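Reviewing the structure listed below.
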Amino acid sequence: MDTTHIADAPPPTPQPSATEQKRAARGATRPGDRIFLGLSRGSGILLLVIMAAIAGFLTYRAALAISKDEGNFLTTFEWNTSATPPVFGIAVLAYGTIVSSIIAMVIAVPIAVSIALFLTHYAPRRLSGPIAYVIDLLAAVPSIVYGLWGALILVPHLNGLNGWLNDYLGWTGIFEWQGGAARSMLTVGILLAIMILPIITNVSREVFRQVPQIHEEAALALGATRWEVIRMAVLPFGRSGVISASMLGLGRALGETMAVATVLSPDFLIHTSLLDPGGGTFAQNIASKFSEATEFGRDALIASGLVLFVITLLVNGAARAIIARRKEYSGANA
C-alpha cells in the first residue's frame, strides 16, 4: 500500500469548540460594538430626518406663495411680489443658474483633471508639493473675496476677450457683444470655474494616487508611453472619482451666492448671448431680495429655493447613477 500521499497530506484544520464559538458570538456584540452600531445608525437616520425636514419646510412655504401667484411660476419672466396681484417666476433664474454652472464645468473640469494628472504623474516632488499647497489655499478663500476680485479685476479686463469672441464667433449669436461692462453670464461662469477648480483638483488628485502601481507597471512593461499609461490605466480607474469630484464642484457652482451677486448685473431677461450684461441665478436673487422682502416675498424666494434644492438632488442622483453604471469599467476590479 502506497502511503506517500497519505504522509504528504496536510493535517486537518482544527474546528473551534462550542465554547470558542460562543465567545466569538459574544465578541461580535460587545458593548463597544453595539454603541458604535447605534451611533452610526442614528447618524444616518438623523441625516435623513434633517433632509426631510428641510424638504418639508421648503414645500410648505413654497405652496403658500405659489397658491397666490397669478402667473405661471415656472415660465414667468418677472419677479414682483409687491404687486397686486403678485407675479413671479423662475424661468430666468433657472436659465441663469444652469448656464453659468455649465460654463464653469466646461472650463474647470478639464483644467482640474490636467492639474491633478500633472501633480501625480509628471511634476517632481519638490514642485508638486508647493503647487498642491497653493491649490488648497484657493479652496479656503471666502466667496466674497472672489466676488470683489471678479468685480474689480476680472470684469474690467474681459473686454478684450469679449471683443475677440465677437469678432470670430459673434456670427453664432452666442458670443455676440454689443459693448458695455462684462457683467455677463460668461464672466460669472469664469469666476465660478476658478472657485470650483480647487475642489475638483484635490479630489481627482487623491483618486489618481490610488491607482494600483501594478497597473501602471504592466502598461510600461508592454511598451506604453507615459500618456498611454494615463489613458489606459489611470483615467479608467479614476473615472468614477472624477465624476464625483465634478459633482461636488457643480454643487458649489449651483448654490454660489455672494460672488455671483457681486459680479452680475441682474435683470429678468433671458439673453441669447453669453456676453450680454444681465441675467440672474437662484442664489443671487435670494441674497439680493431677502432682506427687503415682505412675508409673502420671502415665501416666494423660498419657493425658488425649493426648485434649486430639487435641481441639486436631481444632479447628484444622476451622478450616482452614472457612477453605478460605470463601476465595472472603472478598473477598480481589474
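The values are calculated or read from the model by the stated rules, or taken from the named source; none is laboratory data. Note that this is a predicted model, so its numbers are computed, not measured. Because the Cβ atoms are built from the backbone with ideal geometry, glycine has one as well, and the counts that use them run over all protein chains shown.
Here are a few things to note about the model shown:
- Condition check for L137: assigned to a helix (DSSP H, G or I), surrounded by 13 or more Cβ atoms within 10 Å (Cβ to Cβ) and not polar (S, T, N, Q): no
- Every condition in (1) touching a residue at least 40 places away in the same chain (Cβ under 8 Å); (2) buried (at least 17 other Cβ atoms within 10 Å of the Cβ); (3) not polar (S, T, N, Q) is met by R226 except one, and the failing one is (2).
- Unmet requirement for R61, which otherwise passes all of (1) in contact with a helix residue (DSSP H, G or I) (Cβ under 6 Å, 6 or more places away or on another chain); (2) in a helix (DSSP H, G or I); (3) at pLDDT below 90: (3)
- The single residue among R205, R226, R239 that is more than 24 Å from L148 (Cβ to Cβ) and modelled with pLDDT of 90 or more turns out to be R205.
- Within the set G96, G56, G42, the sole residue that is at pLDDT 90 or above, within 30 Å of R239 (Cα to Cα) and not charged (D, E, K, R) turns out to be G96.
- For F268, the stated conditions do not hold, so it cannot be described as over 30 Å from T76 (Cα atoms) and touching a residue at least 24 places away in the same chain (Cβ under 8 Å).
- Flag for G147 being surrounded by fewer than 21 Cβ atoms within 10 Å (Cβ to Cβ) and within 26 Å of H271 (Cα to Cα): no
- Criterion applied to G251, G241 was being surrounded by fewer than 19 Cβ atoms within 10 Å (Cβ to Cβ), of a type in the set (G, A, S) and within 16 Å of the chain's Cα centre (by Cα), and the one residue passing it is G251.
- Output for region 83-131, where each listed residue is within 22 Å of A65 (Cα to Cα) and without any contact (Cβ under 8 Å) to a residue 12 or more places away in the chain: A83, T84
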